[in-house]
Amino acid sequence: MASMDEPLYPIAILIDELKNEDIQLRLNSIRRLSTIARALGEERTRKELIPFLSENNDDEDEVLLAMAEELGVFIPYVGGVEHAHVLLPPLETLCTVEETCVRDKAVESLCRIGAQMKESDIVDWFVPVVKSCQIYQFAANFTMLRLAAGEWFTARVSSCGLFHIAYPSAPDQLKAELRTIYGQLCQDDMPMVRRAAASNLGKFAATVEQNYLKTEVMSIFDDLTQDDQDSVRLLAVEGCAALGKLLEPQDCVAHILPVIVNFSQDKSWRVRYMVANQLYELCEAVGPEHSREQLVPAYVRLLRDNEAEVRIAAAGKVTKFCRILSPQLAIQHILPCVKELSSDSSQHVRSALASVIMGMAPVLGKEATIEQLLPIFLSLLKDEFPDVRLNIISKLDQVNQVIGIDLLSQSLLPAIVELAEDRHWRVRLAIIEYIPLLASQLGVGFFDDKLGALCMQWLEDKVFSIRDAAANNLKRLAEEFGPEWAMQHIIPQVLEKINNPHYLYRMTILQAISLLAPVMGAEITCQQLLPVVINSSKDRVPNIKFNVAKVLQALIPILDQSVVEKNVKPCLVELSEDPDVDVRYYANQALQACDQIMMSS
């Protein structure tokens, strides 16, 4: 009797847990579907498990989402591709639920399954073999068309994402019906359905033959561009770029370009925002020549739009757009707008501009950069909003490549030095991270004169992230200029600060020593750095003492064995007997590392 009941055990567990009041148990059982399917075998999975799932789909959204995800990878458990069609009914039901994320996941799984099915199975199961107007009569038996003909809008929304899978495998007559149905979905009474149709139009159009693309699909597209809902029209903007890549250049100019120009003047700011955000892709679709002729006025309008959100999107594309134009056109049409945006009332517009404006320097060339762009850079470097200053600082190297370090240092360096003491710590951090690159470009002499003192000043900043970055900055400078330079300009000033009355600053110095030691080498470490570290082991603050143990552990591989035995080990032994538990822990860790290194050598 037990042996008869045993095969039923997995499905019994699933049924019990799916009906459990605890959602977590139901969720866990769904996530174990593959395990249960393996226990049941392929045939029982097809005949028992899948029908059970089809009938039990009234659950929390989390459970349904997990089910939709699991079924998308379930083909191996039902017997392979030839039986993939059995997975369609439960997923079809999930395509009709109210929760959007569940429907989207169900559509994604259906597409994944459909992409693996044989062409004949797609025709037999994914779409019906129909004749003329009988399409809806047969739709009741087939997944995609049943969804497209669904009374509830959720089914029709989901069906829009399936056409690009079904269409390539369909016979010619059914293809015509599918194109007709898609056109009907684009004119559906529910805006949500029209939005889904507009969103998926690019994928569907990519599967349609070229002659129908120019006629039927473009007719559908024209309807969407004139929809009374701005949420539909803004999705049609994305369709512009997708369709532009599919059409011949002359057709693209004839059909897509006028739509883009009209959309750039749309009454809805959301549509104009989408045009500004997609403008570069739209320019690629229509080609650079027509972009210069007809899209420049549209782009200028967007840069001067009344809505800040539109100006933000347009400002973020200014460098990309200028690359399509000649330097003369950019200077004539775009640069005046850029000057206006640099003093825009919205800080977010200025920040978006600052993040890309440095890239205009290579496009405009040296002379225009010096005359036109440098004043804008300086203006943005002095902006009251820290993110604007931050975005300029992080892209300085792009300007240096165009105008050279001499002009850069004369015009922008005073502003950079001022920002090094900015009250916003993120701005100071950005300056620190840029210092090594700036140092390599300026050279040793200029760096010592202008920036050396700042590097030491940051070691005693109130913000830990600044002190941490300052210590790493010293290491990178030592690597850039060499140990001899570091011995003269960094080491003495660093070691002086070990007597700072605040223990947090003394900890930063210990960290700096740990980072500098590998760059400086064994001799300087032994003579200059090690004595300072060992003296710090007498500090009254436990945090300093256990950091001494950490630093000594880091120095052991650099030092000679004799130095380790004579100086390092006695210090660590003393720390290992400290009253503080953390000091003892790190000291013992360092002693173990010391013993391991000694044994291996």
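Based on protein heavy atoms only, segment 521-600 ends up with 52 Å² per residue of surface accessible to a 1.4 Å probe. Annotation: extensible slack from E43 through H502 equals 157.8 nm (criterion: 0.36 nm per residue apart, minus Cα-Cα distance).
Using the heavy atoms of the protein chains and a 1.4 angstrom probe, tell me the accessible area per residue for segment 278-376 in square angstrom. Could the numbers behind the result be given before it?
Details: 3940 Å² over 99 residues.
So segment 278-376 comes to 40 Å² accessible per residue, rounded to a whole number.
For the chain, the dipole from Cβ point charges (+1 on Lys and Arg, -1 on Asp and Glu) about the Cα centre works out to 1320 debye, to the nearest 20.
Averaging the Cα positions of each part gives two centres, and for segment 158-192 and segment 561-593 these lie 75 Å apart. Based on DSSP H segments of at least four residues, each scored -39500 (n - 2.57), the chain has a per-residue ellipticity at 222 nm of -19000 deg cm²/dmol. Take segment 74-118 with all the other protein chains still there, run a 1.4 Å probe, and you get 37 Å² of accessible area per residue. The apolar share of the surface of the chain, taken as the fraction of accessible area on carbon and sulfur atoms (1.4 Å probe, ligands and nucleic acids excluded), comes to 49 percent.
At R0 = 51 Å, how high is the FRET efficiency between M456 and S345 if r is their beta carbon distance? Nearest 0.05 is fine. The partial results should precede the final answer.
Values: r = 40 Å, r/R0 = 0.78.
Plugging the Cβ-Cβ distance into 1/(1 + (r/R0)^6) gives 0.80.
Arrange the peptides 101-108, 221-228 so that the one whose residues have, on average, the most other Cβ atoms within 10 Å appears first. If you can, show how the numbers build up before the last one.
Numbers: 101-108: 20.9, 221-228: 16.5.
Listed from highest to lowest mean packing, they are 101-108, 221-228.
The ratio of the alpha-carbon radius of gyration of the chain to the globular-protein estimate 2.2 N^0.38 Å is 1.36.
The values are calculated or read from the model by the stated rules, or taken from the named source; none is laboratory data. What you see is a predicted model; the values in this text were computed from it and never measured. Backbone-built Cβ (ideal geometry, glycine too); neighbour counts: all protein chains shown. Quick note on the areas: whole protein, heavy atoms, side chains included, nothing else; ligands and nucleic acids left out. Shrake-Rupley method; radii C 1.70, N 1.55, O 1.52, S 1.80 Å.
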